[in-house]
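Quick notes on the structure that follows.
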Amino acid sequence: QILGKVLKDNKGLTELDIEANSLTPKAATVLANSISFNDTLLKLNINGNVLGKMGAQALVAAIQRSSTEVRKMQVTFTNCDCTKNDINIFSAANPHGTWRLNLAEPYGQMVANECMYLANYKAGCRIVKLLHNGSLITLERAFLVDTKESPDSATVQKKKQLDEFMKNQRMAAKDLLESNMVGASRHLHMLLEPFKFRMAEEQQLQVLHKTKDLWNMKAQREGREDFDEVFLFEFFYALFIINDADFSGTMDLDEFIATLGSLGRPKFDQEAAKRFMSEYDKDESGSIDANEFAQIMLKEFFITDVPRGDLVDSSTGQPWVIPPKGNCVIQLSYQCDAPTVFDIGEDFGIDNIIQSIRDASTDEQREILFLNTTSSPYFFLSFEQAQLLFEEMQGLNHLPLDLMASILPQIVNDDNALRFIETNLNESGKLALRVKIGQLFNSYVGLHSGHYTIDLKKTEQKNGARRLGAISVSEGKVCRQANANTSQKGNYSNFRNEKLGYTPVELNGRWFASTTSQAVLRFDYVSTNKPRKGTPCLLEKRFEKLVSSLNLEQLKNVWDRMCYNKEIFLEEQRREYESNLPDDSSAVSEGTDLDPSQTSHSRPLSRRGTSSSSLSYHSSQTPRSLPSYVIDPADYPELAVEAPITALLCKDAYSDFMDSCHHF
């Protein structure tokens, strides 16, 4: 521990060899924390020591935390015990609790440093109370601006500027609906300018007029009243329509770059534009439509997420400096919470991890590096980082599906996880991964609702369940804000019918952060996440691509044939029924008493809908002699053909489909 304390401030040491020095897990965590602050150490030999689970985790994180563009530290772990689990040691994976520290000891300094770091940067972690020698220290957030500016990315706004951004969007929408083009143009300029976009006044007015015309049609058609919330999306949608030079309804790379040029980005990087298009081109057509263009503009250029910022002493406005001595009490609260893009580690950090894997002399050391990177409590992975790690680990005694099952829980969000799956697996591979990890597969691609069976002995399944716990916390916050409590237990949780083994439990973000159980966990999850207002419907060509990718063309053809045959059948029955109706006038002249409800005048046959494929009759208007329409399986031999392998995932939907056939 003393070595760790000295190393923190050392400015000259570049190599350190402490092989087989009876290092304890507690000392390993102190050493790891010191390395994170040291600027000069490049090589550390820690072979033959008992690091424990916490020490190994902290040392691998230190490799990432200490990495810079010019500094890459190497740590060797050969013949280390990285499995010992000491519950009395501070764990960054579960820092929840009250920590009473002697700051004169290296371990006390380490815990205080880690608490401050996690409260600053880890989602779901916050300091509830901080005391030093009995005096209360009040901390508050200081929201800072990201000073990294480049022509290809937007500057992150200050928190106070975010409110101004939302206000300008509301005012621009209001002025436009009131035909106040001068005011709308002014507020639009105030929206675009912080993100380095500029438009000529004449072009800006042209797009605003187009935006208003398109919105009026959409509002009338869909009954929409949320223009102030989707103004920028509709503006970029209209810009696409104007810049679609060939009126094809799509935009190729040249048109995309030209459109960015009209927004004040005349020399936009072509490779970056290709990357954006390939990411949002869902149907792989090589072009983007208006909806995809608007999504690119909002998600890639108009970044309005606000970083959590650093904690500062409210009395001074400066970061709180941990004193060298004294007694400190830190009450830290932690529950799993959904990460944001600000929880992704730096690229050169993961590059250093990958280089360490390449330089490792044994498979044991590679395994330590990989497992602690994919279970890191400090950093999450972007798609690009996950892909690099996946490619590096292939062939090192790991099957691709095993690697993916370990990496997926550490990917920052569903969009990045889906890209990771799509990049590496074909349809059969996706099925194999779905069989391997069960319902967790759906949770990684955004389909969170379902029944889960989690074996907590398996690290990748436990991490996947913890990720779902974080999603529940995030969705619960939205429900609280909307005062919409749909939970089973009144706690805004989306978990239902939870059982650990055979014992009922109540799952939440705190439970997943602290559990040490190795039993089987079963539960239902009901997602309350809804599409944002203004989310466009699925395009026809994208739907056709989906049908094709799922090999459902046969079912679609059968459906079309059944609708056609049903139409013919009902038309024949209608004609037969009408031919058997008695003549109304003759029946009356003969004095026959008729029930008015049985006459064709008072109860005419009527059709629901207007299309021929939706021909059907109200049951109250159909005579009892008219038989129901029944499918003859012999007419549809396609249904007897062995289903494609991907249809195995759709067997419930297939059963529902067949049931609907018999209900015609």
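The values are calculated or read from the model by the stated rules, or taken from the named source; none is laboratory data. All values derive from a computational prediction rather than experimental measurement. Note that we place each Cβ from the backbone using ideal geometry, even for glycine, and neighbour counts take in every protein chain shown. Side chains included, ligands, DNA and RNA excluded: accessible areas come from the protein's heavy atoms. Shrake-Rupley method; radii C 1.70, N 1.55, O 1.52, S 1.80 Å.
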Pop out the ³J(HN,Hα) list for region 482-498 in order, Karplus 6.51 cos²θ - 1.76 cosθ + 1.60 with θ = phi - 60°, rounded to Hz; leave Gly and Pro as x. 8, 6, 10, 9, 9, 6, 7, 10, x, 10, 6, 9, 8, 7, 9, 6, 7
Go through 254-263, 522-531 and give me the packing order, highest mean Cβ count within 10 Å leading. 254-263, 522-531
From phi via Karplus (6.51, -1.76, 1.60), per-residue ³J(HN,Hα) for region 174-179 in Hz, x at Gly/Pro: 5, 4, 5, 5, 8, 6
With the other protein chains left in place, how much accessible area per residue, in square angstrom, belongs to region 224-331 at a 1.4 angstrom probe? 45 Å²
Where a ≥ b ≥ c are root eigenvalues of the Cα gyration tensor, a/c under 1.5 meaning rounded, otherwise prolate if a/b exceeds b/c and oblate otherwise, region 158-234 counts as oblate
Roughly how many percent of the accessible protein surface of region 333-471 is carbon and sulfur, given a 1.4 Å probe and a whole-percent answer? 50 percent
Any residue on another chain or 5+ positions along whose placed amide H is under 5 Å from the amide H of residue 380 is listed here as 344, 345
Estimated inter-spin distance, residue 480 and residue 529, nm [label 7 Å along Cα→Cβ]: 1.9 nm
Please work out whether region 297-451 counts as rounded, prolate or oblate from its C-alpha gyration tensor, where a ≥ b ≥ c are the square roots of the eigenvalues and a/c under 1.5 means rounded, while otherwise a/b larger than b/c means prolate and anything else oblate? prolate
Please list 537, 336 from largest to smallest accessible area, probe radius 1.4 Å, with all protein chains kept in place. 537, 336
Could the peptides 180-191, 312-323 be put in order, highest first, of the mean number of other beta-carbon atoms found within 10 Å of their residues? 180-191, 312-323
Taking a point 7 angstrom from the Cα of residue 22 along the C-beta vector, which residues in region 79-118 have backbone N less than 17 Å away? 81
Starting from region 321-414, pick out the trypsin sites (Lys or Arg not before Pro) whose DSSP state is loop and whose Cβ has at most 14 other Cβ atoms within 10 Å. 325
Mind checking the per residue accessible area of region 391-460 for me, 1.4 Å probe, whole number of Å²? 43 Å²
Reported to the nearest 10 Å², residue 444 has, with a 1.4 Å probe, an accessible area equal to 0 Å²
Under the definition of Cα pairs under 8 Å and six or more residues apart, what whole-number percent is the relative contact order of region 247-360? 17 percent
Where does each of 347-353, 49-55, 77-83 land if you order them by average Cβ count within 10 Å, highest first? 49-55, 347-353, 77-83
Take the alpha carbon gyration tensor of region 423-548, find the square roots of its eigenvalues, order them as a ≥ b ≥ c, and report rounded if a/c is under 1.5; if not, report prolate when a/b exceeds b/c, else oblate. oblate
What are the ³J(HN,Hα) couplings of region 218-226, residue after residue, when phi is run through the Karplus curve with 6.51, -1.76, 1.60 and θ = phi - 60°? Round to Hz, x for glycine and proline. 5, 5, 5, 6, 10, x, 7, 9, 10
Counting other C-beta atoms within 10 Å, and keeping those with at most 11, which DSSP coil GluC sites (Glu not before Pro) do you find in region 4-100? 69
If you roll a 1.4 angstrom probe over the protein chains with everything in place, what fraction of the accessible area of region 481-559 belongs to carbon and sulfur, to the nearest %? 53 percent
My understanding is that a pair violates if its Cα-Cα distance is over 31 Å; which of 210/274; 212/541; 129/458 do that in this structure? 129/458
